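The values are calculated or read from the model by the stated rules, or taken from the named source; none is laboratory data. Here the structure is a predicted model, which is why all the values come from computation and not from measurement. Reconstructed Cβ throughout: ideal geometry from the backbone, glycine too, with neighbour counts over all protein chains shown. Accessible surface areas use protein heavy atoms only, side chains included; no ligands, DNA or RNA. Shrake-Rupley method; radii C 1.70, N 1.55, O 1.52, S 1.80 Å.
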Amino acid sequence: MDHLSDSAVRAARDLRVVFSRLRRRIREIAQDADLTPSQESALTLVGKHGAATASALAAAEGVRPQSMATTLAALEQHGLIRRAPDPDDGRRQLVTLTDAGRARVEGNKQVREEWLARAFQDRFTAEERETVLRALELMDRLSQP
């Protein structure tokens, strides 16, 4: 890394650490005790992707298909997902949210967004919030190809 500036290395390290902490904190906000973090994550993933196969969900989560099958079985027992035959390939099943699952995903999303907005309101001045918004515009460049 000798060709990188000290400020670039420090920014990369500090950003990763802060984002990891913030991601953990946001996940903690709406988690219910009856679901594990992996179940919560899979439920959110099904909500994002809509109908998907267990293998596609496993690939998206970066877990083994057997692990995803166990996670999905628990979500199904909680009444949060349903499985139905894939109309294009009857050998596969598609996983979708039930009404209860959809309500939970949306409720969690709303709770997290409200917590974050309240934290910005309570912990930052208007000027600091504007600084964060300007920094986010710059950070968006990192997400571009």
* Asked: On the given criteria, is A58 open to solvent by less than 40 Å² (accessible area, probe 1.4 Å) and closer than 19 Å to L22 by Cα?
  -> no
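Matching residues to (1) without any contact (Cβ under 8 Å) to a residue 40 or more places away in the chain; (2) acidic (D, E):
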site	(1), (2)
M68	yes, no
Q77	yes, no
I81	yes, no
V95	no, no
A100	yes, no
A103	yes, no
E113	yes, yes
* Have a look at D2, D34, D14 and point out the one that is acidic (D, E) and modelled with pLDDT of 90 or more. => D14
* When you go through (1) within 29 Å of L136 (Cβ to Cβ); (2) modelled with pLDDT of 90 or more; (3) among the basic types (K, R) one by one for R23, which number turns out not to apply? -> (2)
* Could you please find all residues in the stretch 9-38 being part of a helix (DSSP H, G or I), within 19 Å of Q110 (Cβ to Cβ) and in contact with a helix residue (DSSP H, G or I) (Cβ under 6 Å, 6 or more places away or on another chain)? => I26, I29, A30
* Which pairs have Cβ atoms under 9 Å, sit 6 or more apart or on different chains, and link a residue in the stretch 36-50 that is open to solvent by less than 30 Å² (accessible area, probe 1.4 Å) to one that is assigned to a helix (DSSP H, G or I) and basic (K, R)? -> E40/R27; L43/R104
* Does G101 satisfy the criteria of being in contact with a strand residue (DSSP E or B) (Cβ under 7 Å, 6 or more places away or on another chain), surrounded by 14 or more Cβ atoms within 10 Å (Cβ to Cβ) and within 29 Å of V132 (Cβ to Cβ)? -> no
